[in-house]
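In what follows, a structure is listed as structure tokens, so that the remarks can point back to it.
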Amino acid sequence: MWAAVLLALAIRIGYNLALHPDGHPPAQFVIDEREYFGAAHVLAEGRGFTFFDTALWVRPPLFVAALAALYRLFGTGYLPVLVFQSLAGAAVVLALAYLAYRVRGTGAARWTAFIAALYLPLTLFAGLLLSETLFVLLFACALVALYEVARSAPGNPRRGHLWAMAAGLSLGLCILTRGTALAFVPPAAVWLYLVLRREGRAAYAAPALVVGVAVLALVPWTLRNYAAYGRVIAVDTTGGYNLWLAAQGVRDEPRMQAELEGIDGPVAKQDYSYERAFGIIAGDPGAFLAKGLKESLDLWRPSFGAEERQVRGYTLGRVPDWHLGALLVFDDLLYVAIVLPALGGLLFLPAHRLKSLTVLWVLLWVAMAFVFFAVTRFRLPIVATLIPWAGAALSLLREPGWLAKIAAPGRARLVSFAVGAVAFLVVVVPGIEADDTVLGIGRWGEQEPYRAGELLLRQGDAHGALEHYSRANHTIADTRYGLAAARLQTGDEEGALGVLLADEPEDRFEPDILRGEAARMAGDREAARASFNTRVVQVAGQQAVDWAWDHLRPPPAGRIELGSGLDLGYIRGFHGPERDSTGRTFRWMGPEGAVRGLTGNPELGLQVSGWRPGGASPAKVTAISSANRSGSAPVVQTLPTTDEWTTILVLAGEGVTLETNGFVPGGYDARLLGVRATTVIADRASIRTTDEANR
């Protein structure tokens, strides 16, 4: 078992580092990661939970607080969070193994530990800024504590009461991680009461302690919400939004969010959401029931493209073949290999207290899916609680006479297992997309030359990149865009444009950037500006800026107006263009940025503003020039937290790298921002004149 726990820890850290060698940057965030990141960063900045004041809802605080503590201690790097989540994931393995041990001994515990170590969703969630790993750990601990209450000796009530308080605390922390656990507290208390009463023991004190401690765990957060919003919000306000989304068939979410953004405060948003939801349900209850039945089935069905699986772009060859293969074997197929034995374990193993508790938990999630909706990650807490039963059933199969033991409970259970297994397979097997896996694996192999070409292009070897791009799959848009960029760097504007199709995908920003660069190279700045400022480029924001940095080599310039569009290729680490109240264009820089391609003057001036919301620390900017190789020190400057524009002077060299402490504005804007920048000038006289004009 301990080998399995250590294996789980190694897999969770190693697999996610291999999947995110760049450290899982915000550009790759999935599902609710950006919201958790933003809320945690605001808390780490010392601004409390004010992120939720302007968000669509108030979320439970525990996972946000855990992230904030890590950010405060270690910064926002990926590794500390990954280690924390991986340790929690390894602890999940141990807790589930303990439950299996109580069901059927050491053999069941070993099977359970190795299954939990290898089940890939438990690994993937350890590498994401999502609350599932912490939630599953806390719930597994709650199951352990509830079971220990039930098995405590009648002559030692103190031990039972201590375990009851531990169960209440675990459930309370579960609720503060995901509010859905609140619905499990009453059934758990009733289950404990019935178990104790059936055994002729004092049946009131332990359930009361479980409920009481769980409620007490919520009190500080509830009081905080009352002080902030003037209403009793026990845990969160996500229920109204989710019910409204469910009532309208889980669609039109952008329209919903646009409506809610015009309403001030999370409480008013919640009230409006409930009003809309109940109105839709009352208008067509049959449609709501049909939706509920569909979602109850979808809860069990795999989804190849679920965001947490991180396969976006697999048809373009962007997803490693080993990851796609692992998803098929250690997610989809292992999921089937868990549920079927677990069903057998629940039906054929001797009566056990944990059986009914497990069934209660599964039924609760099915009911939640019926009322709200089902997404792939909602299945994780169910599968986690079934793994001990799968381990117990597999340990039974290794014993002599196991077939007779299965047949002993009678024909009714055999029929129930057969019906349940067939129904499960009918629902699940069609959702296992082996064809998509094969396609993605093939595309990854086809695009190996493309990846080599990208590396050479970033290093400035355009001719070497062209050779590799020519051997990649030219039906894939990524290849065409890389090939066009390499031809532009060799001065072949006509050849670059000839690579592009007339009907390039409308959601891709690269064609507009490439056409803009071709126009800029031809001296047509107005045509270049028009292409660089299309809506698809502006919406892409930092993604477009960084792609241009990697793929363009614009001519040296004496002045760069940030946000003009003509700055693309000269900058990295900046968000999309914006305008201030005077009409001046600017860009927000993230915590790190860079400027290059300036004329060979000894100094450049970067005009920046350090505006920050109240409570955020002032921006401290460090400018490091490529000329620092000669031994000159970086320029470090602290900016006022106002709209004032300040010029930072630094040696130019071949370029400048900028670093600053970031902040998150709030729920309305979850980006990690550094400073605003408007102009880069590589001329001492122009720097002085512009600085005087700003003052």
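Miscellaneous remarks
- Ranked from largest to smallest solvent-accessible area, with a 1.4 Å probe on the protein heavy atoms, Phe663, Phe424 come out as Phe424, Phe663.
- Accessible surface for the chain, divided over its residues, is 42 Å² per residue with a 1.4 Å probe.
- Isotropic mean projected area of the C-alpha convex hull, the stretch 560-669 (nm²): 7.2
- Built amide H within the under 5 Å cut-off of Val675, gap 5+: Met589
- Relative contact order [Cα under 8 Å, 6+ residues apart], the chain, whole percent: 12
- Cut-off 10 Å between beta-carbons: net charge of the residues surrounding Ala485, Lys and Arg +1, Asp and Glu -1: -1
- In terms of its C-alpha gyration tensor, the stretch 114-235 has an oblate overall shape, because the principal axis ratio a/c (a ≥ b ≥ c, square roots of the eigenvalues) is not below 1.5 and a/b does not outweigh b/c.
- With Cα atoms as the point set, the stretch 545-602 shows a radius of gyration and Dmax of 11.5, 33 Å.
- Rounded if a/c under 1.5, otherwise prolate or oblate - the stretch 244-397, Cα gyration tensor axes: oblate
- Relative contact order (%) - criterion: Cα under 8 Å, at least six apart; region: the stretch 1-103: 38
- Distance distribution note for the stretch 220-330: the fraction of Cα pairs above 16 angstrom is 71%.
- What the Kirkwood sum gives for the stretch 247-294 is a hydrodynamic radius of 11.6 Å, with every pair of different alpha carbons counted.
- Heavy-atom accessible area ranking, 1.4 Å probe, most first, across Arg231, Arg612: Arg231, Arg612
- Net charge of the neighbourhood of Arg251, taken over other residues with C-beta under 15 Å away and scored Lys/Arg +1, Asp/Glu -1, is -2.
- Local charge for Pro388 was computed over the other residues whose Cβ lies under 12 Å away, with Lys and Arg +1 and Asp and Glu -1, and equals +4.
- Largest to smallest accessible area among Leu293, Leu43, Leu118, Leu604 [probe 1.4 Å]: Leu293, Leu118, Leu43, Leu604
- Extension gain for the segment Lys294 to Leu79, taken as residue separation times 0.36 nm less the Cα-Cα distance, is 73.5 nm to one decimal.
- Apolar share of the accessible surface for the chain: 61 percent from carbon plus sulfur atoms, 1.4 Å probe.
- Rel. contact order, % - alpha carbon contacts under 8 angstrom, at least six apart, the stretch 133-252: 23
- Over the stretch 8-111: Rg over Rh, Cα atoms, Kirkwood Rh: 1.08
- Dimensionless Rg/Rh of the chain - Kirkwood Rh, Rg from C-alpha atoms: 1.02
- About its Cα centre, the dipole of the stretch 1-110 is roughly 540 debye, where the only charges are +1 on Lys and Arg Cβ and -1 on Asp and Glu Cβ.
- Three-way shape label, the stretch 200-257, alpha-carbon gyration tensor, a/c 1.5: oblate
- FRET efficiency for Ala404 and Arg159, using Cβ-Cβ distance with R0 set to 30 Å, rounded to 0.05: 0.20
- Given R0 = 35 Å, the distance between the Cβ atoms of Val419 and Glu253 translates into a calculated FRET efficiency of 0.45.
The values are calculated or read from the model by the stated rules, or taken from the named source; none is laboratory data. A quick note: this is a predicted structure, and the numbers were derived from the prediction, not measured. For neighbour counting, all protein chains shown are included, and Cβ atoms are generated from backbone atoms with ideal geometry for every residue, glycine included. These accessible areas exclude ligands, DNA and RNA; they are computed on the full protein's heavy atoms, side chains included. Shrake-Rupley method; radii C 1.70, N 1.55, O 1.52, S 1.80 Å.
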